[in-house]
Structure formats: structure tokens, C-alpha cells
Amino acid sequence: MLTGRQLFDSGMLIGADESAVQQQGVDIRIDKISKILGLGIIPKEGKTTLPKYKDMDPLHYKDRDSGRTVFGWMLPAGVYDIVFMEGVKVDERHCMKPLTRSSLVRCGARVDSGLYDAGFETSRAGAMLYVSNPILIEKGARVAQIVCGSSDEVKNLYDGQFQGDKQRKE
């Protein structure tokens, strides 16, 4: 596993803030949340069919305790598709995975994704957000930490249907 500094310096993490470097990873920030609608299909053969997604607009919320205004999302319990401000360009000797930050866990939510394989590249990485207790998340908040594992060199680099986030309609 790479240290946070090694990952940041590797060039495999796109758009990361140097202040986000941690011991074994780099904190990543939330940029977009979508509600999942409809049916996804995982076929025995062929490509996955994703469900429909509806973008959720961040709104201004006033925190009663601090008086501070927060620009973000007030989320009830549910499952959401999220997009980070950071992207990845995983080389042939590594893989990556975003892990939930403990502050999010303590608020009753978690982030999960599949493994970002060697060769996977996207300008903005994504994951799923599982909310079990209502939560207010500010746009740009650090919700996950991406970690990077090492492996022997891979010859058959990832080139699947999610390469470059082809499935997202930006």
C-alpha cells in the first residue's frame, strides 16, 4: 500500500488538494449527489444496465446551533450515487479504492465503491453513499479517503464500460 504522500506525488490522483494527504491515503471531496431511480440490471453476459439517476441540487441550509449557512444536501435515509471532485488515472502496478472517513460513519453514513483497477481512468471518480440516519453534507466536504494498493505489473489494463465515466451524461 502506498502512503498518502506517495499516492499524492504519483500523479495517479487528479485534482487532489495537498492538504488532504493522510497517512495511508488522500481525503477526497464530494461534488455531486444523485438519487437512484428505477432498475439496474447485472447480466450473466454483456454490459451492466445502470438505473436512472436524478441529480440533486445542493441548497442553502442555516445551522440553528452555529448560525452558519451550509451549501449542501440534506439527505434522508437511502442510497445515492456520488461523484468526487477528484479523478484517478491508475497505472499498471496499482489499484485504488475510496474508503469512508470515520466522521461520516459517526453520522450514520458510509461510502462504498468497486475497486478501481489498473488502467482505470476518469476525471471525477464516483461511489455509492449509503445513508442510514438523516445527514447534511456540505458540497466539497471530505467524505472518503482513497487508498492505493500495489501489485505486479498488469498487462490487461481496464478498458470496460466505465472507463472515462462513459456511463455518466455530464
For residue 39, are the conditions met, namely being open to solvent by 80 Å² or more (accessible area, probe 1.4 Å), in a loop (DSSP other than H, G, I, E, B) and farther than 17 Å from residue 138 by Cβ? yes
Search the stretch 126-142 for residues that are in contact (Cβ under 8 Å) with a residue 60 or more places away in the chain and closer than 14 Å to residue 34 by Cβ and pair each with any residue that is assigned to a strand (DSSP E or B) and among the basic types (Lys, Arg) when their beta-carbon atoms are under 8 Å apart and the residues are at least 6 apart or on different chains. 129/110
Which residue pairs have Cβ atoms closer than 8 Å, lie 6 or more positions apart in sequence or on different chains, and pair a first residue in the stretch 52-63 that is without any contact (Cβ under 8 Å) to a residue 60 or more places away in the chain with a second residue that is outside any strand (DSSP E or B)? 52/38; 62/68
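Among the strands (runs of 3 or more DSSP E) lying completely within the stretch 101-140, list those that include at least 2 residues that are more than 21 Å from residue 60 (Cα to Cα) and modelled with pLDDT of 95 or more.
Counting at least 2 such residues, we get 109-112, 126-131.
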Residue count, the stretch 9-20 (criterion: within 16 Å of the chain's Cα centre (by Cα) and farther than 11 Å from residue 91 by Cβ): 6
Could you go through the stretch 78-90 and let me know if any residue there is within 25 Å of residue 35 (Cα to Cα), open to solvent by 70 Å² or more (accessible area, probe 1.4 Å) and at pLDDT 90 or above. no
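Scan 124, 110 and give me the residue that is open to solvent by 60 Å² or more (accessible area, probe 1.4 Å) and basic (Lys, Arg).
Matching residue, one of 124, 110: 110.
Of the residues 63, 31, which single one is surrounded by 15 or more Cβ atoms within 10 Å (Cβ to Cβ), within 26 Å of residue 138 (Cβ to Cβ) and among the acidic types (Asp, Glu)?
Working: 63 fails: surrounded by 15 or more Cβ atoms within 10 Å (Cβ to Cβ).
Of the residues listed, the single one that is surrounded by 15 or more Cβ atoms within 10 Å (Cβ to Cβ), within 26 Å of residue 138 (Cβ to Cβ) and among the acidic types (Asp, Glu) is 31.
The values are calculated or read from the model by the stated rules, or taken from the named source; none is laboratory data. All of these numbers come straight from a predicted model, not from anything done at the bench. Cβ: placed from backbone, ideal geometry, glycine included. Neighbour counts: every protein chain shown. Please note that ligands, DNA and RNA were not included when accessible areas were found on the heavy atoms of the full protein model with its side chains. Shrake-Rupley method; radii C 1.70, N 1.55, O 1.52, S 1.80 Å.
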